[in-house]
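Q: Attaching a single structure in structure tokens format; questions to follow.
Every read-out reported here was derived from the displayed coordinates using simple, explicitly stated rules and does not represent laboratory data. The structure displayed is predicted, hence computed values, not measured ones. Cβ placement follows ideal geometry from the backbone for every residue including glycine, while neighbour counts extend to all protein chains displayed.
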Amino acid sequence: MYDTEAFRSAIRRRLFAWYRRSARDLPWRRTRDPYAVLVSEVMLQQTQVSRVIEAYARFLRRFPTLRALARASLGDVLRAWSGLGYNRRARDLHAIAGLHPQSLPEAIEDLDALPGVGAYTAGAVACFAHGVAVAFADTNVRRVLGRAILGRAATEREAVAIDMRLMPRRRAAQWHHALMDVGAIFCRSREPRCAACPLRPVCRYRGAAEPHPPRQSSFAASDRRIRGAIVRALTITPHTVAELRRLIGDPRVPHLVAALADERIVETFGHRVRLPE
Ligand code: SF4
């Protein structure tokens, strides 16, 4: 059904008509600087839009170019990242700047090969910065396209295949932004607002019941919280593992410090642990 020209134009028309009136005004949509787009996409991977808006502006003020980021120590980059969590992302951005201090590669396969960058982020940078009509799908796009066409959330592979068929080649960036907005505003994971959604007349799901996605286990969530607390403590001053263990009050601290050191997010010198210099 979605392979017909009539369906393609109906879904595009509805999506763009809504987007013209109601698009979210997000700062990273006002630039085509590949570095700034990459920073926003990396931040958005695991952090809510409302928290990214402020962090994005602050990070780009501190490191306005790849060169400025490459010149900084990883410790300074982690300090600027403070509050966003998932510090591997900051480490990978720093590594990318070290590899490409002048400019990012343009080809999707070269972007895809950068540290911490996968197919989604490579596609997003190519599309939003360079205007390449490439199919890609984050969780919002997977939900919207999956529910609209299949009647359920799609896997990434399914969503990319659908995206490839539906995406208008000349308006690829706007198409993806609009899908992301519909995903965030209407097609929410747990309680989709189908009655108000601009895609309702062309959507197969339209409020049908769907099993809830599993929540992250509380053990993994609390590991993440402790890792964040370790890095936050080290943004102020180095500590011994015993001090960190006392400060944070959790027996997992030594094991998680070792994991962070393996990932090069912290380093040890003598008996102390610090952010990389
Ligand atoms: S009608 Fe409901 S399920 Fe379909 S895209 Fe809109 S919010 Fe999602």
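Q: Kindly write out, for segment 76-86 in residue order, the coupling ³J(HN,Hα) from the Karplus curve 6.51 cos²θ - 1.76 cosθ + 1.60 (θ = phi - 60°), rounded to whole Hz, with x marking Gly and Pro.
A: 5, 5, 5, 5, 5, 7, 3, x, 8, x, 6
Q: Still on this structure, I have one more. Please work out the Cα center distance from segment 19-77 to segment 148-196, rounded to the nearest Å.
A: Going from one Cα centre to the other spans 23 Å.
Q: While we're looking at this one, here's another question. If you place +1 on the Cβ of every Lys and Arg and -1 on the Cβ of every Asp and Glu, how big does the dipole about the Cα centre of segment 33-130 come out, in debye to the nearest 20?
A: Details: 10 positive and 9 negative charges, 119 e Å.
The dipole magnitude comes to about 580 debye.
Q: Can I ask one more? Order by neighbour count: Val141, Val37, fewest other Cβ atoms within 10 Å first, most last. Before the final figure, lay out each step's value.
A: Working: Val141 25, Val37 22.
Fewest-to-most Cβ neighbours within 10 Å comes out as Val37, Val141.
Q: Right, something else. Please give the residues of segment 129-154, grouped as numeric ranges, whose backbone N is less than 13 Å from a label point set 7 Å along the Cα-to-Cβ vector of Arg32.
A: Once the point is set 7 Å along Cα→Cβ of Arg32, 129-133 turn out to lie under 13 Å by backbone N, inside segment 129-154.
Q: Would you please give the residues with an amide H less than 5 Å from that of Thr240, counting only those at least 5 places away or on a separate chain, with H modeled from the backbone geometry?
A: Counting only residues 5 or more places away or on other chains, the set is Val273.
Q: A follow-up question, please. Could you work out the relative contact order of the chain? I mean the mean sequence separation of Cα pairs under 8 Å and 6+ apart, divided by the number of residues, in percent.
A: Relative contact order of the chain: 18 percent.
Q: How would you rank 111-118, 39-46, highest first, on the average number of other Cβ atoms within 10 Å across their residues?
A: Numbers: 111-118: 16.9, 39-46: 20.6.
In decreasing order of mean packing, 111-118, 39-46 become 39-46, 111-118.
Q: Give me the number: length gained by fully extending Ala10 to Arg206, i.e. 0.36 nm times residue separation minus the C-alpha to C-alpha distance, one decimal in nm. Write down the numbers at each step before the final one.
A: On the way: separation 196, 0.36 × 196 = 70.56 nm, distance 1.61 nm.
Length gained, Ala10 through Arg206: 68.9 nm.
Q: What does the charge dipole of segment 218-274 about its Cα centre add up to, to the nearest 20 debye, if the Cβ of each Lys and Arg holds +1 and the Cβ of each Asp and Glu holds -1?
A: With only Lys, Arg, Asp and Glu charged at Cβ, the dipole is about 140 debye.
Q: Tell me the net charge near Arg225. Cut-off is 11 Å between Cβ atoms, Arg225 excluded, with +1 for each Lys or Arg and -1 for each Asp or Glu.
A: Local charge sum for Arg225: +2.
Q: While we're here: Return the FRET efficiency for the residue pair Ala259, Ile185: r is the Cβ-Cβ distance, R0 is 25 Å, and the value is rounded to the nearest 0.05.
A: Efficiency at R0 = 25 Å is approximately 0.10.
Q: In whole Hz and in residue order, list the ³J(HN,Hα) couplings for segment 270-276 that follow from phi through the Karplus curve 6.51 cos²θ - 1.76 cosθ + 1.60, θ = phi - 60°; x for Gly and Pro.
A: Listing the rounded values in order: x, 8, 9, 10, 8, 6, x Hz.
Q: Assign unit charges at the C-beta atoms only (+1 for Lys and Arg, -1 for Asp and Glu), then state the dipole size of the chain relative to its Cα centre in Debye, rounded to the nearest 20.
A: Values: 46 positive and 26 negative charges, 229 e Å.
Computed charge dipole of the chain: roughly 1100 debye.
Q: Another question, if that's okay. If we count every other residue with Cβ under 14 angstrom of Glu263's Cβ, Lys/Arg +1 and Asp/Glu -1, where does the sum land?
A: +2
Q: Which one of Ser73, Pro198, Ala135 is farthest out on the positive end of the charge dipole of the chain, using unit charges on Cβ (Lys, Arg +1; Asp, Glu -1) and the Cα centre as origin?
A: Going by the Cα projections, it comes out as Pro198.
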